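Asker: Let me give you the structure first, and then I'll get to my questions.
The values are calculated or read from the model by the stated rules, or taken from the named source; none is laboratory data. Predicted, not measured: the structure shown is a model, and the values here were computed from it. Positions of Cβ are generated from backbone atoms using ideal geometry, with glycine treated the same way; all protein chains shown enter the neighbour counts.
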Amino acid sequence: MIKPPQVNGLVLCDRVRVEKEPPSFNLEGIFLTREFTVFPTPIVTFDVYASFFDGRGEGLLRLLCTQLEGERDIYYYDTWWVFSRHVQTMHLVRSVKKLFFTEPGRYSFTLAFDNIPLTVRYLDVKEVH
């Protein structure tokens, strides 16, 4: 039986640094806005972090970026994900490397499991001169 997990958060940041001893996730340069002087932008790179708990089963985990004004999907990442009863909290760290923004506006990053939306984070992309 599949039970979608609860999400502690979805965070966009410049970099996630993972420490093994003691185990920790260090999120550097958290942002909700990005500014650019030219559109379409050059390719941008950043990390996405999320943590989950209380999920059961396995299925497709999808991170999807959508330009809200045109309702156009501009980026996605799919991975097969397995939740086990023995694991209370799981972490997702994903480096986004092949994304660019065609115009200023609001973009959403949606995390879904087995086609069930779990959480959304919004990013405002602005033009500066």
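Asker: What number of residues within region 23-55 are more than 15 Å from THR89 (Cβ to Cβ) and not hydrophobic (A, V, I, L, M, F, W, C)?
Answerer: Looking only at that region, the number is 12.
Asker: Something else: Regarding ARG15, is this residue under 15 Å from the mean Cα position of the chain (by Cα), charged (D, E, K, R) and at pLDDT 95 or above? First the steps, then the outcome.
Answerer: Working: under 15 Å from the mean Cα position of the chain (by Cα): yes; charged (D, E, K, R): yes; at pLDDT 95 or above: yes.
When the stated conditions are applied, ARG15 passes them.
Asker: Next question, about the same structure. Which pairs turn up if I take residues in region 4-32 that are touching a residue at least 12 places away in the same chain (Cβ under 8 Å) and look for partners that are loosely packed, with under 14 Cβ neighbours inside 10 Å and small (Gly, Ala, Ser) with beta carbon separation below 9 Å, at least 6 apart in sequence or on another chain?
Answerer: CYS13/GLY29; ASP14/GLY29; ARG15/GLY29; ARG15/SER95; VAL16/SER95; VAL18/SER24
Asker: Within region 1-43, take every residue that is within 23 Å of TYR76 (Cβ to Cβ) and of a type in the set (Val, Ile, Thr) and give me the one that is surrounded by the most Cβ atoms within 10 Å (Cβ to Cβ).
Answerer: VAL16
Asker: Select from region 97-121 the residues that are surrounded by 15 or more Cβ atoms within 10 Å (Cβ to Cβ) and among the acidic types (Asp, Glu) and list them in ascending order.
Answerer: If the condition is that a residue be surrounded by 15 or more Cβ atoms within 10 Å (Cβ to Cβ) and among the acidic types (Asp, Glu), then ASP114 is the only one that fits.
Asker: When you go through (1) under 20 Å from ASP124 (Cβ atoms); (2) touching a residue at least 24 places away in the same chain (Cβ under 8 Å) one by one for PHE53, which number turns out not to apply?
Answerer: (1)
Asker: Being among the basic types (Lys, Arg), over 22 Å from PRO40 (Cβ atoms) and part of a strand (DSSP E or B): is that true of ARG106 here?
Answerer: Criteria not met by ARG106.
Asker: Further question on the same structure: Is region 89-97 home to any residue that is more than 15 Å from ARG121 (Cα to Cα) and not in a strand (DSSP E or B)?
Answerer: No.
Asker: Could we say that PHE46 is farther than 16 Å from VAL120 by Cα, crowded, with 18+ Cβ neighbours inside 10 Å and at pLDDT 95 or above here? Walk me through it before giving the result.
Answerer: Values: farther than 16 Å from VAL120 by Cα: yes; crowded, with 18+ Cβ neighbours inside 10 Å: yes; at pLDDT 95 or above: yes.
Yes: the conditions hold for PHE46.
Asker: Among all residue pairs at least 6 apart or on different chains, which show Cβ distances below 8 Å where the first residue, located in region 95-119, is free of Cβ contacts under 8 Å to residues at least 12 places away in the same chain and the second is assigned to a strand (DSSP E or B)?
Answerer: From region 95-119, the pairs are PRO117/THR110; PRO117/LEU111.
Asker: Among the residues of region 82-96 satisfying the criterion of being over 12 Å from the mean Cα position of the chain (by Cα) and exposed (fewer than 13 other Cβ atoms within 10 Å of the Cβ), which is farthest from ARG62 (Cα to Cα)?
Answerer: Our first condition is that a residue be over 12 Å from the mean Cα position of the chain (by Cα); within region 82-96, this holds for 82-90.
Those still in the list that are exposed (fewer than 13 other Cβ atoms within 10 Å of the Cβ) too: 82, 84-89.
Values: VAL82: 13, SER84: 18, ARG85: 21, HIS86: 23, VAL87: 20, GLN88: 20, THR89: 18 Å.
This residue is HIS86.
Asker: Of all residues in region 52-76, which are assigned to a strand (DSSP E or B), closer than 23 Å to PHE39 by Cα and either aromatic (Phe, Trp, Tyr) or modelled with pLDDT under 95 (or both)?
Answerer: Selection gives TYR75, TYR76.
Asker: From the list PHE83, PHE100, which one is farther than 20 Å from GLY29 by Cβ and aromatic (Phe, Trp, Tyr)?
Answerer: PHE83
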